[in-house]
Amino acid sequence: MSDGVAPRVAAARTLDAVLHRGRSLKAALGAGLPALADPRDRALVEAMVLAALRQRVRYNAALDGWTPRPLGPRDALLRALLLAGFAQLELGLPAHAVLAATVDAARALGRAHQAGMVNALLRRATREPLPAAAPEAAWPDWLATQVRADWPQQAAAIFAASAQLPPLWLRVNRRVQPRDAYRTRLHEAGIESAIDDALPDALRLSTPLPVQQLPGFEAGAVSVQDASAQAVADALAPAPGARVLDACAAPGGKAAHLAERDPSLRITALDVDARRVRRMQDTFARLRLGAIEARTGDATRPAAWWDGTPFDAILIDAPCSATGIVRRQPDVLLHRRAADLAALVQTQAALLDALWPLLAPGGVLVYATCSILRAENAAQVEGFLARTPDATPEPLDTRFGHASGAGRQRLPGEGGRDGFFYARLRKG
């Protein structure tokens, strides 16, 4: 397969798996990317797939309006390839390269008889704009309705931000070097970045790039982590030497951030999936954070793993609808169902009830999600407070977003950040 064709083929197969076969984006990328040896090709596939998923309503409207006869189920893979082609053009790749490689990819996928149509459609897309579509058109009706109900004044901005390419946020490992020193390293490598005064370890890159291009990445100098996720460390703010539980820890970024900030913390990073725990251990090793204890266990069943010694601080970054990170995980809008929300709310409540007894008197628990739905956030915390007499909310300031019940809600795109909820609760 010639240069340029393999990533287009991989993008088409990935999109087909997500759009037409019900696979998650993470699983589909995990199956397709390892076959591409060049990290630049892997980055290109991710960029094409994410752009096509974010803009799938517009791209499908173009196909439906520009093809003389509708593409049927047997053309699902071809449709996926054309979506990837439109994405390439809107990502700013040279048109001649897009056309040549995508037409060759059609042949490689056994669609030589339709190569002419691929060429004609992509050429048309270089001459005239693709159809417009309201950003909320990508959202299932039930979910769009819920967002409007929860955030009537901000809903339009939420939908618009969720369709945009997010910036790349980096977390500098202060145990390796200060943020300003690493920013200088980036500049010397031709990579420009910006700081956020509210986030002492964060750097913002407007244009995503493969982690292999980040100076010192393999040596543990830096990690990729959105600004909203980095703010969790400030919400928890454990005292020096504290015993800390990160109860739903994978992929390990928040536990790592706490350890980078304070080597005296005694951190247990727990996750129910043994494979994710092994990946966390690899991350901790890259960051030279071997003192973190990574354990496999179900946080709702502490009797199976807890040693009976209370924790001074507990973080519950709970499983949720992921509605605050749609721009990073656009397949959420394809796969999330209304019934999922009730199950998630039940799991979140179970986590709070199971882990609160593990917290020492005077200790702090932070409940966080990457959701924007009040049922998972403000209402969840209010319900917990109502049934837990020794839990008292502690106020968080405006750095954490809008006041929302006993917590704070950051909405997608605000300050370039993901949507995130934070609530800080004190025991005793």
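FYI, it's all coordinate maths here, none of it is from the lab. Here the structure is a predicted model, which is why all the values come from computation and not from measurement. Using ideal geometry, Cβ is built from the backbone for each residue, glycine included, and neighbour counts are taken over all protein chains shown.
Note on Ile195 and Trp142: their simple-model spin labels are 4.7 nm apart, each label 7 Å out from Cα toward Cβ.
Taken as Cα centroids, segment 326-397 and segment 133-190 sit 21 Å apart, rounded to the nearest whole angstrom. Straightening the chain between Ser206 and Leu91 buys 40.0 nm, computed as 0.36 nm per residue apart minus the Cα-Cα spacing. With the contact rule set at Cα under 8 Å and sequence spacing of 6 or more, what percent relative contact order holds for segment 5-127? Normalised by residue count, the contact order of segment 5-127 is 32 percent. For segment 168-224, the relative contact order comes to 48 percent (Cα pairs under 8 Å, sequence separation of at least 6). Note on segment 68-143: Kirkwood radius taken over Cα pairs, Stokes-Einstein applied at 20 °C and 1.002 mPa s, translational D equal to 158 µm² s⁻¹. Mind running the shape call on segment 328-428? Use the C-alpha gyration tensor, a ≥ b ≥ c as the square roots of the eigenvalues: rounded below 1.5 for a/c, prolate if a/b tops b/c, oblate otherwise. Because a/c hits 1.5 or more and a/b fails to exceed b/c, segment 328-428 counts as oblate.
Over all Cα atoms in segment 168-224, the spread is summed up by Rg and Dmax: 10.0, 27 Å.
A Stokes-Einstein calculation at 25 °C with viscosity 0.890 mPa s, built on the Kirkwood radius of segment 227-427 over Cα pairs, returns a diffusion coefficient of 145 µm²/s. Stokes-Einstein diffusion coefficient for segment 5-127 at 4 °C in a medium of 1.567 mPa s, Rh from the Kirkwood formula over Cα pairs: what value in µm²/s? Estimated via Stokes-Einstein, D reaches 92 µm²/s.
In terms of surrounding Cβ atoms within a 10 Å radius of their Cβ, Thr296, Thr184 rank from fewest to most as Thr184, Thr296. Short-range pairs are left out: with C-alpha atoms under 8 Å and at least six residues apart, the relative contact order of the chain is 13 percent.
Taking 0.36 nm per residue of sequence separation and removing the Cα-Cα distance, the Trp305/Arg426 pair yields an extension gain of 41.2 nm.
Think of the chain as a dipole: +1 on every Lys or Arg Cβ, -1 on every Asp or Glu Cβ, centred on the Cα centre; then among Leu25, Leu168, Ala313, Leu25 lies furthest on the positive end. Compute the distance from the alpha-carbon center of segment 81-106 to that of segment 1-69, in whole Å. Going from one Cα centre to the other spans 11 Å.
Prolate is the label for the chain. Its Cα gyration tensor axes, ordered a ≥ b ≥ c, give a/c of at least 1.5 and a/b above b/c.
Considering only Val272, Val326, Val222, the Gaussian network model of the chain with Cα springs below 10 Å gives its largest mean-square fluctuation to Val272. In this rough spin-label picture, where each label sits 7 Å from Cα along the Cβ direction, the Asp397-Ala112 distance is 6.7 nm.
Helix 179-188 axis versus longest C-alpha principal axis of the chain: approximately 20°, rounded to the nearest ten. Only helical runs count toward this figure. For the chain, summing -39,500 (n - 2.57) over DSSP H runs of n ≥ 4 and dividing by all residues gives -13500 deg cm²/dmol at 222 nm. Beta bridges assigned by DSSP with both partners in the chain are antiparallel in approximately 60 percent of cases.
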